[in-house]
Protein chains: 2
Amino acid sequence: MSFENYFNEIVTNVNKKIEEYIKGDIKDLYDASFYLFSAGGKRLRPLILVASSDLLGGEKERAYLAGAAVEVLHTFTLIHDDIMDQDTTRRGMPTVHVKWGLPMAILAGDLLHAKAFQLLNDAFKGMDSERITKAFSIFTSSIIIISEGQALDMQFENRKYVSEEEYLDMIRRKTAMLFSTSSSLGGLIAGGSEKDIEALSQYGLNLGISFQIVDDILGLTADEKELGKPLYSDIREGKRTILVIKALKEASEEERKIIDKTLGNRNATKEELSTCAEIIKKYSLEYAYNLADQYRNKALEALQSISWKNDEAGKALKYLAEFTVKRRK
Amino acid sequence: MSFENYFNEIVTNVNKKIEEYIKGDIKDLYDASFYLFSAGGKRLRPLILVASSDLLGGEKERAYLAGAAVEVLHTFTLIHDDIMDQDTTRRGMPTVHVKWGLPMAILAGDLLHAKAFQLLNDAFKGMDSERITKAFSIFTSSIIIISEGQALDMQFENRKYVSEEEYLDMIRRKTAMLFSTSSSLGGLIAGGSEKDIEALSQYGLNLGISFQIVDDILGLTADEKELGKPLYSDIREGKRTILVIKALKEASEEERKIIDKTLGNRNATKEELSTCAEIIKKYSLEYAYNLADQYRNKALEALQSISWKNDEAGKALKYLAEFTVKRRK
């Protein structure tokens, strides 16, 4: 079964909202803010949000606005993270701070951060006050937790040892939280029961963990063009991914030395990075894919516990959980 | 009449909220985020917000939360602006990015941005949905406009000519907007009429314009210790303040050359900066103070158009408008 039409309609409508809201009279600022949206992107979070709303019979228009809100929020974090991580390429293009300079990149992120709230406010306008407050509570908590996750990620770069548990806690905050927020907000828009919203939250959270594990895998295995950013940048930046953690546990003394020497060395050559990546992959690839599968299964279980009102949406959400693990970029 | 007790009670309670909300388990991140609050600051925006709420009989607890929201929002903009402007000192201390590094400063600003929304959400919790939506609409618009103002401010640094009208438009966005937001939100919390909230908005807006004009004056005239940051940094950064604009209009050919040469020259010596400042002041000081007086008067007029329910709060708001012009730091 193909969901192309279903997904295309969501992406088209969410993109329309983004175009409508990210617009203003200060040209530079709005060009820099809109830049990454025009570079593609999977729109995975809006897809999850709108399909979650559809699953429980929510209003399309509200779901599109909230879908745009999570995508705009996500893009704000990408712009600021690229500065913090000194990344120079994203989606096959120079990052915002490379193209527009540091001050404008900070400002564009801040603008998108506020715009995300504007979109959310409009998505829930006219609903009962309890639901509005709940929506803002979910959204703000999410951003706070994402910031904490980014702080942990940066701290880990300077640490000798990071446990698998710590890694999972970090990606739960940094990545999975926004997926969980997306599915929860979809359920909230549709007026879902507390139980259903909690199940949707679990679907998003587990899908998000699976997504990040696969992201870490693809950083070592993907086709660089498809990936849209340099291969091995995680190694260069010293990111303590699940693959690195597992490999450091299993590798020989000699191999461990190579990993230690290469990890976080911003001057490492492509060859050194590749040698290091091969060692890491040897010990961790199967393990990481198995872990991603486990979290995907948890996501699917949570989804099954809900009484679907819309079969296409439910199947689309299943497909998205499968896609998370199977994707090549 | 002294408002010391009245103001102290507000500041104490708002500070308590800030301490309560800017707290979490990632030590570095929260230390960097809380840092500027512990360095003092006038808490002018919370004072305006709470007094505006008091003026129309609002609930104290809600006003304190919203007061903390605008102060936290203001602090987020300070942290990011200091990065963009390459400022190294604020409130007599190293700026956040100097003390904690660029990545952590960006992240601390982002965290505070989200925390401001969390405080606002809690301030309006349980109120009718229309008012909640209105509050978020005011707040988000405000941040969007502030970002636009900061973009204009940066653009102006690279422009040869900026008109007084353009300057006023810029400070209306960059500075006055948050004052207007503070007084409006205070009125909204108290359930004020549309007319009263609009009058409060005008009070805040005009006070804010007056505040920024005086800020620009103090940047050339204040005692450096009292100011808490280097004198003449506006000249070094090439800021097109009202004083610069007026002086460039009135100065002799020779003097204009000195201003042009010094403005935006980050390597200018203290002596060159001082010579330039003297020329600027000669032509613009009286003019700028007159302009600040005019906007203060507009703020007072707007205040007078409201039927006060609380005389102490009304007089305190009058005092704050006067203080804006009279202050030395």
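What follows is calculated from the coordinates using simple rules that are stated; it is not laboratory data. Treat the numbers as computed from the prediction; the structure is a model and nothing was measured. Virtual Cβ from ideal backbone geometry, glycine too; neighbours counted across all protein chains shown.
Between copies, the label points at A:K42 (set 7 angstrom from Cα along Cα-to-Cβ) are spaced 5.0 nm, reported in nanometres from shortest to longest.
Using the rule -39500 (n - 2.57) for each DSSP H run of four or more residues, divided by the residues of chain B, the 222 nm mean residue ellipticity is -24500 deg cm²/dmol.
Taking packing as the residue-averaged number of other Cβ atoms within 10 angstrom, the listed peptides B:128-139, A:140-151 run from highest to lowest as A:140-151, B:128-139. Inter-copy label distances at B:D31, shortest first and taken from points set 7 Å along Cα to Cβ: 4.1 nm.
With a cut-off of 16 Å on the backbone N, the residues of segment A:215-243 near the modelled label site 7 Å out from A:N265 along Cα-Cβ are A:232-239. For B:E286 and B:Q86, the difference between the fully extended length at 0.36 nm per residue and the C-alpha to C-alpha distance is 69.0 nm.
Label-point spacing at B:T89 relative to the other copies reads 4.4 nm, in ascending order, each point sitting 7 Å out from Cα along Cα→Cβ.
Every Cα-Cα pair in the protein assembly as shown was counted, and those over 43 Å apart are 27% of them.
Overall, the protein assembly as shown carries a charge dipole of about 160 debye about its Cα centre when +1 sits on the Cβ of Lys and Arg and -1 on the Cβ of Asp and Glu, all other atoms neutral.
Scanning chain B for long hydrophobic helices, with DSSP H runs required to stretch 27 angstrom or more by C-alpha along their axis and to average at least 0.5 on the Kyte-Doolittle scale, returns B:102-124. The calculated FRET efficiency for the pair B:S2 and B:S274, based on their C-beta separation and a Förster distance of 35 Å, comes to about 0.40. Projecting the Cα atoms of B:T275, A:Y319, B:A68 onto the dipole axis of the protein assembly as shown, where Lys and Arg carry +1 and Asp and Glu carry -1 at the beta carbon, places B:T275 farthest toward the positive end. Loop-located chymotrypsin sites (Phe, Trp or Tyr not before Pro) in segment B:161-192 (DSSP state not H, G, I, E or B) with no more than 16 neighbouring Cβ atoms inside 10 Å: B:Y161. Sparsely packed loop sites in segment A:1-41 (the trypsin sites (Lys or Arg not before Pro) outside DSSP H, G, I, E and B with at most 16 other Cβ atoms within 10 Å) comprise A:K23. Each label point was placed 7 Å from the Cα along the Cα-to-Cβ direction; for A:S137 and B:D28 their separation is 3.2 nm. The order of the peptides B:293-306, B:200-213, B:39-52 by mean Cβ neighbours within 10 Å, most packed first, is B:200-213, B:39-52, B:293-306.
A simple count of charges around B:G238, restricted to other residues whose Cβ falls under 14 Å of its Cβ and scoring Lys, Arg +1 and Asp, Glu -1, yields -2.
What is the mean number of Cβ atoms from other protein chains located within 10 Å of the Cβ atom of each residue in peptide B:114-123, rounded to a whole number?
Shielding by partners across B:114-123 averages 5.
In chain B, the beta carbon lying closest to the axis that superposes B onto A belongs to the residue given here with its whole-angstrom distance, B:S129, 2.
How would segment B:4-326 be classified by its alpha-carbon gyration tensor: rounded, prolate or oblate, with rounded meaning a/c under 1.5 and the a/b versus b/c comparison settling the rest?
The shape class here is oblate.
Partner shielding of A:100-108 amounts to 5, given as the average count of beta-carbon atoms from other chains within 10 Å of each residue beta-carbon. The trypsin sites (Lys or Arg not before Pro) found in segment A:174-283 that occupy coil by DSSP, while having at most 15 further C-beta atoms within 10 Å, are A:R266.
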